[in-house]
Amino acid sequence: MPMKLASGGIAERFRDNPMSMLRSSHIGLLPFGGGLPFGGRWRTKPLRFGPWHPPKVYGRIGSLEVRLARKRGEIRQAQRLRYKVFYEEMSAIPGALAMLSRRDEDAYDAVFDHLLAVDHGTDTNAHGWRRSRVVGTYRMLRQDVADLNDGFYTQGEYDIQPLLRARPNDTFIELGRSCVLKHYRNKRTLELLWQGVWSYVREHGANVMIGCASFEGTDPKAHAAALSYLHHTALAPEDWRVKAHDHLRVDMNMLPLDAIDMRAAIRALPPLIKGYLRVGAYIGDGAVIDHQFGTTDVFVIMPVEAIQMRYFAHFGAPDEMTAPIAQAFAALN
């Protein structure tokens with residue numbers, strides 16, 4: 001499930017500015033278990049949000065619902081959740097605007113679709129009316145939208161253009177800025193969000209998901225075993241490989257394969273990364289240090305063709321969008 005843009009893009013204008021918020025975080029559902037990808041001149045070219053549209057619900061479990069945000073107020077709730085997780089709970093460093101608004105926001109919020117996990121059953125207001133609460137979120141950017149808005153966010157850390165050029169018949173979706181409120185970090189919420197992501201991917205006919213996932217901290221040596229494990233066991237095949245930009249790249253091959261304690265390395269992986277590996281994801285070449293968010297990022301590529309068949313049985317195969325989503329979702333109850 002953050003990502004920076006190519007040189008000259010929106011993200012490039014913010015990269016060196018301490019006021020910027022450079023997170024798409026990462027496919028990196030990190031704060032489910034770790035991961036966050038991806039100023040003085042704040043948005044010089046604001047982008048408009050689209051018109052109001054009715055909610056698109058992808059699934060429910062009890063009082064929890066997963067759906068797309070349909071209005072700005074809901075996106076602001078997602079931004080406040082991101083701030084709480086990334087800046088207050090984790091190690092991200094807020095700029096002045098973020099501290100004032102208590103929201104994690106950037107120019108990309110206007111072009112990404114926002115997936116929300118909403119709890120309808122917990123909070124009530126002063127009048128006793130039930131009030132819904134955003135407890136999880138994901139940003140998703142379709143390739144056709146990215147092409148109209150300066151590209152994918154991850155381009156700021158990884159050179160993804162060769163992969164896009166080499167696979168003109170594939171349709172990419174970038175996942176990012178994912179997080180879940182601490183109390184809701186459980187299998188039920190995570191599967192609900194994944195149901196939403198997978199339904200969105202099938203709905204738009206995409207066959208590749210990309211993004212970043214993160215390790216906490218900016219010292220890659222602290223994650224030497226886990227990064228080396230990813231390099232030796234999950235590195236993308238040549239025809240799928242994406243490389244970190246040379247000036248940012250940290251070599252993940254820190255230990256030879258026979259020197260790695262495999263069990264310890266797997267335990268050290270953030271839960272998000274372990275989840276993607278179980279699905280069948282590949283990892284890009286090289287890690288990147290994100291000093292703004294205090295993380296060590298890795299690139300994740302998930303071709304639909306590589307996703308394990310048992311997940312199709314659980315969430316639905318790519319060509320099953322004619323079936324009611326509730327039926328595909330019933331297995332999660």
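No lab work stands behind these numbers, since they all come straight from the coordinates. Keep in mind that what you see is a predicted model, and the values were worked out from it rather than measured. Here the Cβ positions follow ideal geometry from the backbone for every residue, glycine too, while neighbour counts run over all protein chains shown.
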Unsatisfied cross-links (Cα-Cα over 25 Å) in the set Lys182/Lys274; Lys187/Lys221; Lys221/Lys243; Lys243/Lys274; Lys84/Lys187; Lys187/Lys274 = Lys187/Lys221
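What net charge is computed for the residues neighbouring Arg102, neighbours being all others with C-beta under 11 Å from the C-beta of Arg102, Lys and Arg scored +1, Asp and Glu -1?
Values: positive: Arg76, Arg80, Arg82, Lys84, Arg103; negative: Glu88, Asp104, Glu105.
Result for the neighbourhood of Arg102: +2.
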